[in-house]
Amino acid sequence: MYLDYFDPPEDSPLGRLTLCASDDGIASIEFSRGLLGKRCSHPLLERCKTQLAEYFAGTRRVFDLPLAPAGTPFQQTVWNALGDIPYGETRSYGEIAETLDKPTASRAVGMANGKNPLVIIVPCHRVVGVGGRLTGYSGGIVRKEWLLAHEAHHAH
């Protein structure tokens, strides 16, 4: 595994992001919680950092990176569905469950959403509760609000 950081304030308006990759793809992007490992250089990490900078600058709406998150088959299915939510839009947990032909699985979708190891790039922040209510986010509701406002501002 290769590890690098995307540091505030020049890189990320949301705080430090920890990026992990293998030769297969980006494995995780997480909001750092103070535990830092040894930084490594890898072309995928550099590409990821460039694309994140473009996203935060409002010039990138779609990420073009090989992804290699670890998860169960159901989690992988949910994460793939999250990638289909257009930039600047939201979907409810129930709507995601419907697209998976599992209309009673909104709770399971929520659990898989919460385990998403690729914040921002796999846009779990675009999933909201019934009626558009903001619900949990691994980076905290303030970050979720920021990401949704950022995308709404740059969507047009």
Worksheet entry | Over 24 Å [Cα-Cα, the chain], rounded percent | 30
Worksheet item: Using θ = phi - 60° and the Karplus curve 6.51 cos²θ - 1.76 cosθ + 1.60, what whole-Hz ³J(HN,Hα) does each residue of the range 121-128 get, with Gly and Pro shown as x?
Response: 5, 9, x, 5, 5, 7, 9, 10
Worksheet item: Build a GNM of the chain with springs between Cα atoms under 10 Å: which of V78, V122, V130 gets the top mean-square fluctuation?
Response: V130
Discussion item. If the only charges are +1 at each Lys and Arg Cβ and -1 at each Asp and Glu Cβ, what is the size of the charge dipole of the range 46-127 around the Cα centre, to the nearest 20 debye?
Written reply: 200
Worksheet entry | Amide H contacts of Y5 (H built 1.01 Å from N, under 5 Å, at least 5 apart or other chain) | L19
Practice prompt. Name the residues whose placed amide hydrogens come within less than 5 Å of the amide hydrogen of R60, ignoring near sequence neighbours (fewer than 5 apart) on the same chain.
Written response: Y55
Practice prompt. Exposed loop trypsin sites (Lys or Arg not before Pro) only (DSSP loop, at most 14 other Cβ atoms within 10 Å): please give the longest stretch of the chain free of them, not including the sites.
Written response: 62-132
Discussion item. How tilted is helix 73-82 with respect to the longest principal axis of the chain? Cα atoms for both, answer in degrees (0 to 90, nearest 10).
Written reply: 90
Item to complete: Please report, in debye to the nearest 20, how large the charge dipole of the chain is about its Cα centre when each Lys and Arg carries +1 at its beta carbon and each Asp and Glu carries -1 there.
Response: 440
Item to complete: Starting from the eigenvalues of the Cα gyration tensor, five times each then square-rooted, give me the equivalent ellipsoid semi-axes of the range 1-72, largest first, whole Å.
Response: 18, 16, 11
Item to complete: Starting from the Cα gyration tensor of the range 62-132, take the square roots of the eigenvalues, sort them a ≥ b ≥ c, and report rounded, prolate or oblate (rounded when a/c is under 1.5, otherwise prolate if a/b is larger than b/c, else oblate).
Response: oblate
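None of the figures in this text is laboratory data; all of them are computed from the coordinates on show. Keep in mind that what you see is a predicted model, and the values were worked out from it rather than measured. All Cβ positions, glycine included, derive from the backbone under ideal geometry; neighbour counts span all protein chains shown.
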